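To start, the structure under review is shown below, and the notes come after it.
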Amino acid sequence: MNILNKLKETAVSVLPIMGIVLILGIFVLDLEAVLLSRFVIGGLLLIVGLTIFLLGVDLGIQPLGERSGAALTKKSSLSLLLSVAFVIGFVVTAAEPDIQVFGDQVKGIFPFVNKSTITFVIATGVGLFIMIGLLRTVLNLSIKLTFLIAYSLLFALAMFAPNAFIGIAFDSGGATTGPMTVPFIMALGLGVSSVRDDNDNSFGLTGVCSIGPVIAVILYSIYLKASGAFEGQQAIENTSQIQEGLANTSFIAQVFASFGHAFGEVLHESLMSIAPLFAMFIIFQILLLKMTGRQVVRIVIGFIYALIGLTIFLLGVKGGFSQAGAALGQALGQKAVNNGGLWYLLLVGTGLALGAIIVCAEPAVWVLSEQVEQVSGGTIKRKMLLIFLSVGTAIAIGLSIWRAVAGFDLKIILIPGYIISMLLMIFCPSLFSGIAFDSGGVASGPLTSTFVLSFTLGAAQSGNGGNDSFGVIALVAMMPLIAIQIMGIIFKFKQNSVKNKQLSQGGDL
């Protein structure tokens, strides 16, 4: 991989976001100089960190996942494959930093929820459904039928769940798809399908895994409801706090203070993300893979790059990037509530623009798009996939902003959206359906779930969205299902047109 080309591509993805925020912050909203300075530094760290992280994925994470999947499949022991898959899903998810943060957020809203319990509930859901996903691949079961049955079960169970937990349940599916777990899970699926030599089954594993935690959390909420946990309980208002600079320190100290405070936290999160996968690598190398010394060194170097890159990336996000998102959303939301009219259009329009751009800076989106182009032999272009994914995410963020200020029921969007997704599977090629559901998982990564969530929560403080901060990730995870399957239908139509044209020309000859 050419690291300079990768640096250029990541810069092209992040710089437009920075441009939008700086233009609005300086010329429209007059945001604080300290906040904007942190944002610029955070953006530059994002670019550098994402570049190094992707290099590490190419060198270590992806080859390890593919080799592990292929080796487990060649053992011809279905029970071994599924058992290892469950352990991988459970351990990696339980250690995922996003899940720890998510558990704190849920407990902050509903104090009667035990953080450890909901963490293990989510991890169990991922473990069980990664087993189902790999079983589907090995048995060559229909990806469309798998999704149809799983989502039918999900919505049937959701009818009995407390309404306040619906957004939490769907958001949990997005929170599990962290920057380390997604590349490994996707590579594991590719490794299993490569042994079967079936490209149509190469994708969909991440999409299946994302269903598990949603069903698990819904079942957990039904249990809480039956045990009377919700009786007499009120959700605590989740307020968004924008960090201010210290008045008695210099400008430079104010700018860099947040990065210093965040460094220890993000280093711990990065280590916790990588440690389970690295431990599995050691175990797999001893018992299963037995790679050469050169291959082992290459993968170890990949892990080191991934750790450095992820740490720099998260430092940029938490040190300055997400703070600016919260401030921007709150300022625009306040203007919209006080003045209405064009300010509402600017608020929603900013959400649309940020959604279209920010998804292209997600680490897992880059991994997925490169794998799609590689597996399809270049027939499915990465740029086209990113365009459709950007459109879907933009619409999702626009709807999230609208809901944040209006406060309507999340199910009004979720239920029709998933019905449309299921209907599109009838006409969409299976390969694209798998890519679509994988895209829903990868779109809701750390950048979207921090900057966009902060922006939306900031807007909600000024609107009627109240304390219902959950549901943003759910919408971001849903819209790519529609957008990418529409892309698949267009792709199928064009292929058929080319074939018909070739046949007609052949007939003329």
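The values are calculated or read from the model by the stated rules, or taken from the named source; none is laboratory data. Quick caveat: nothing in here was measured; it's all calculated off a predicted structure. No Cβ is skipped: glycine too gets one built from the backbone with ideal geometry, and neighbour counts run over all protein chains shown. Heads up: the accessible areas ignore ligands, DNA and RNA and are worked out on the full protein's heavy atoms, side chains in. Shrake-Rupley method; radii C 1.70, N 1.55, O 1.52, S 1.80 Å.
Tabulated data
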quantity: Subset of region 71-86 (residues that are crowded, with 16+ Cβ neighbours inside 10 Å and farther than 15 Å from GLY191 by Cα); calculated: PHE86
quantity: Identity of the residue in region 36-50, hydrophobic (A, V, I, L, M, F, W, C) and open to solvent by 20 Å² or more (accessible area, probe 1.4 Å), that ends up farthest from SER250 (Cα to Cα); calculated: VAL48
quantity: Test for ILE222: is it open to solvent by 10 Å² or more (accessible area, probe 1.4 Å), modelled with pLDDT of 80 or more and under 26 Å from SER270 (Cβ atoms); calculated: no
quantity: Sole exception among (1) surrounded by fewer than 24 Cβ atoms within 10 Å (Cβ to Cβ); (2) part of a helix (DSSP H, G or I) for ILE401, by number; calculated: (1)
quantity: Filtered residues of region 404-436 (kept if aromatic (Phe, Trp, Tyr) and in a helix (DSSP H, G or I)); calculated: TYR418, PHE427, PHE432
quantity: Residue within region 293-305 that is more than 29 Å from GLY43 (Cα to Cα), open to solvent by less than 50 Å² (accessible area, probe 1.4 Å) and at pLDDT 85 or above present; calculated: yes
quantity: Subset of region 119-155 [within 18 Å of GLY207 (Cα to Cα), in a helix (DSSP H, G or I) and polar (S, T, N, Q)]; calculated: THR124, THR137, THR146, SER152
quantity: Residues being surrounded by fewer than 21 Cβ atoms within 10 Å (Cβ to Cβ) and in a helix (DSSP H, G or I) - total across region 26-35; calculated: 4
quantity: Members of region 89-118 found to be surrounded by fewer than 20 Cβ atoms within 10 Å (Cβ to Cβ), assigned to a helix (DSSP H, G or I) and of a type outside the set (A, V, I, L, M, F, W, C), listed by number; calculated: GLN100, ASP104, GLN105, LYS107, GLY108, LYS115, SER116, THR117
quantity: Enumeration of residues in region 130-148 that are within 18 Å of MET478 (Cβ to Cβ) and either open to solvent by 60 Å² or more (accessible area, probe 1.4 Å) or at pLDDT 95 or above (or both); calculated: LEU148
quantity: Count - residues of region 373-394 that are modelled with pLDDT of 85 or more, open to solvent by less than 40 Å² (accessible area, probe 1.4 Å) and outside any helix (DSSP H, G or I); calculated: 1
quantity: So GLY19, is it crowded, with 16+ Cβ neighbours inside 10 Å and either in a helix (DSSP H, G or I) or modelled with pLDDT under 85 (or both); calculated: no
quantity: Any hit, region 337-347, residues being outside any helix (DSSP H, G or I), on the phi < 0 side of the Ramachandran plot, surrounded by 21 or more Cβ atoms within 10 Å (Cβ to Cβ) and in contact (Cβ under 8 Å) with a residue 12 or more places away in the chain; calculated: no
quantity: Count of residues meeting criterion [hydrophobic (A, V, I, L, M, F, W, C), open to solvent by less than 50 Å² (accessible area, probe 1.4 Å), part of a helix (DSSP H, G or I) and touching a residue at least 40 places away in the same chain (Cβ under 8 Å)] in region 156-182; calculated: 9
quantity: Residue satisfying all of: in region 215-232; among the aliphatic types (A, V, I, L, M) and under 15 Å from ASN163 (Cβ atoms); nearest to the chain's Cα centre (by Cα) among these; calculated: VAL217
quantity: Residue under evaluation ILE420, criteria (1) within 16 Å of the chain's Cα centre (by Cα); (2) at pLDDT 90 or above, criterion not met; calculated: (1)
quantity: Index of the failed condition, GLY43 passing every other in (1) outside any helix (DSSP H, G or I); (2) within 22 Å of the chain's Cα centre (by Cα); calculated: (1)
